[in-house]
Amino acid sequence: MCQHKPPCPTADSADREAARLMAHHPEQGWSLLCNGVLLFEDTGELLPDGQIIAPHRPLDAGRVMKAA
């Protein structure tokens, strides 16, 4: 799928999110990467083979707000 030199990481690589954007739709909350991965704004992913990767947004303890 990827025609870039050097090629983007494949969908089954640990660094698959480093692939180039092919389509970006922030109003709908998703982006399509060059390797066929659908990346969602909540950091979830849908791989080309249909595998679902659950959201994996890191929790930044310094930015978490607590109710009074």
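Observations on the model:
- LEU33 vs. criteria crowded, with 16+ Cβ neighbours inside 10 Å and aliphatic (A, V, I, L, M): yes
- Tabulated pairs, the stretch 46-68, first closer than 19 Å to ASP12 by Cα, second modelled with pLDDT under 80 and open to solvent by 90 Å² or more (accessible area, probe 1.4 Å), C-beta under 9 angstrom, 6+ apart or interchain: PRO48/MET1
- Selection over the stretch 1-55 of residues that are more than 10 Å from the chain's Cα centre (by Cα), of a type in the set (Val, Ile, Thr) and part of a loop (DSSP other than H, G, I, E, B) gives a count of 1.
- Verdict on GLY62 being modelled with pLDDT of 95 or more and not in a strand (DSSP E or B): no
The values are calculated or read from the model by the stated rules, or taken from the named source; none is laboratory data. A quick note: this is a predicted structure, and the numbers were derived from the prediction, not measured. Positions of Cβ are backbone-derived with ideal geometry, glycine not excepted, and every protein chain shown enters the neighbour counts. Quick note on the areas: whole protein, heavy atoms, side chains included, nothing else; ligands and nucleic acids left out. Shrake-Rupley method; radii C 1.70, N 1.55, O 1.52, S 1.80 Å.
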